[in-house]
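What follows is one structure encoded as structure tokens, with my remarks underneath.
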Amino acid sequence: MTRQEQATVFVIQQPFRDLDLSPALEYGRVEFLLEDTDVHPRERQLKHDTWRAQAEMEFRLQRFHGDRDYLLLLGDPAAIGLATAIITKLNGGKFTLLKWDREQKKYYPVFVNLRKGAH
């Protein structure tokens with residue numbers, strides 16, 4: 001697989017505490033939609049103006065390829081909701097997210113298809 005074809009795991013936000021994301025590397029390289037520099041540390045929870053965070057996520061999600069990339073829902077719930085709304089709009093309601101299995105200690109893919117009449 002060429003570098004251009006390599007899958008990416010788009011993580012919504014960097015974790016507040018140390019969290020081992022190495023199990024996600026099984027699915028591709030990790031890229032954060034919101035870096036620490038995108039949201040002031042005091043406002044890591046998007047409780048005020050979300051415009052800057054939305055613009056940054058939209059810019060980064062332009063590179064999301066629905067047939068190979070993944071969304072890892074980690075971070076502030078408001079940022080997670082915003083990111084899923086953006087990816088739904090950009091990718092026609094289809095995307096794959098990674099869900100953590102505590103017992104297996106690994107992620108597994110969950111395909112989401114919000115298109116009308118889709119199964």
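Does residue 76 fit the bill of being surrounded by 19 or more Cβ atoms within 10 Å (Cβ to Cβ) and modelled with pLDDT of 95 or more? The answer is no for residue 76. A residue that is part of a helix (DSSP H, G or I), in contact with a helix residue (DSSP H, G or I) (Cβ under 9 Å, 6 or more places away or on another chain), over 25 Å from residue 17 (Cβ atoms) and of a type outside the set (Val, Ile, Thr) occurs somewhere in the range 90-112.
Going through the range 60-85 one residue at a time, which ones are assigned to a helix (DSSP H, G or I) and out of contact with any strand residue (DSSP E or B) (no Cβ under 9 Å at 6 or more places or on another chain)? Scanning the range 60-85 gives 77, 78, 81, 85. With respect to residue 96, determine if the residue is closer than 22 Å to residue 15 by Cβ, at pLDDT 95 or above and not charged (D, E, K, R). Yes; evaluated as a whole, the condition is true for this residue. Based on what the data block shows, is residue 89 under 21 Å from residue 50 (Cα atoms) and of a type outside the set (A, V, I, L, M, F, W, C)? Yes: the conditions hold for residue 89.
Residue by residue through the range 82-92, note down the ones that are surrounded by 15 or more Cβ atoms within 10 Å (Cβ to Cβ), in contact (Cβ under 8 Å) with a residue 24 or more places away in the chain and not hydrophobic (A, V, I, L, M, F, W, C). Hits for the range 82-92 are 88, 91.
Residue by residue through the range 51-64, note down the ones that are surrounded by 11 or more Cβ atoms within 10 Å (Cβ to Cβ) and touching a residue at least 24 places away in the same chain (Cβ under 8 Å). Within the range 51-64, 53, 54, 57, 58, 60, 61, 64 qualify.
Considering only residues in the range 15-37 that are crowded, with 18+ Cβ neighbours inside 10 Å and of a type outside the set (Ser, Thr, Tyr), the one that is modelled with the lowest pLDDT turns out to be 34.
The values are calculated or read from the model by the stated rules, or taken from the named source; none is laboratory data. Nothing here was measured: the structure is a model prediction, and the numbers come from that model. Positions of Cβ are backbone-derived with ideal geometry, glycine not excepted, and every protein chain shown enters the neighbour counts.
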